[in-house]
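The structure under discussion appears below in the form of structure tokens.
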Amino acid sequence: MRVTADSTTCVTSSLCVYRVPDVFDQDAEGRVVVLDADPPVALQHEVLRARRGCPTRSIHVELNGVVVEDPASEAPAT
């Protein structure tokens, strides 16, 4: 899993920070910051939940080199 975020589109809802504080934080303006771009498999489900919950789709995830774009492609890796 590879996690990135676009702070320019973030509206500071903080949902990602509440869901996965080990992976996401906020800068001084409240915009998303990725703390761990390669989180452990144990956090994969929560990172995907944070991605789905982002109101501006500012969180981007790749699984095995494939960009996650829809819920059908968000099945956890085995």
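All of the numbers you see were taken from the coordinates with simple rules; none came from a lab. Treat the numbers as computed from the prediction; the structure is a model and nothing was measured. Glycine gets a Cβ as well: all are built from the backbone with ideal geometry, and neighbour counts include every protein chain shown.
If each of E46 and A28 carries a label point 7 Å out from its Cα toward its Cβ, how far apart are those two points in nm?
2.9
Tell me, in nm to one decimal, what length is gained between R2 and V67 on full extension, where the rule is 0.36 nm per residue of separation less the Cα-Cα distance?
The span from R2 to V67 would gain 22.5 nm if fully extended.
Pairs of alpha-carbon atoms within less than 8 angstrom and 6+ residues apart define the contacts here; what relative contact order does segment 15-68 have, in percent?
With pairs under 8 Å counted, the relative contact order is 30 percent.
Please get the size of the charge dipole for segment 2-69, origin at its Cα centre, with Cβ charges of +1 on Lys and Arg and -1 on Asp and Glu, quoted in debye to the nearest 20.
280
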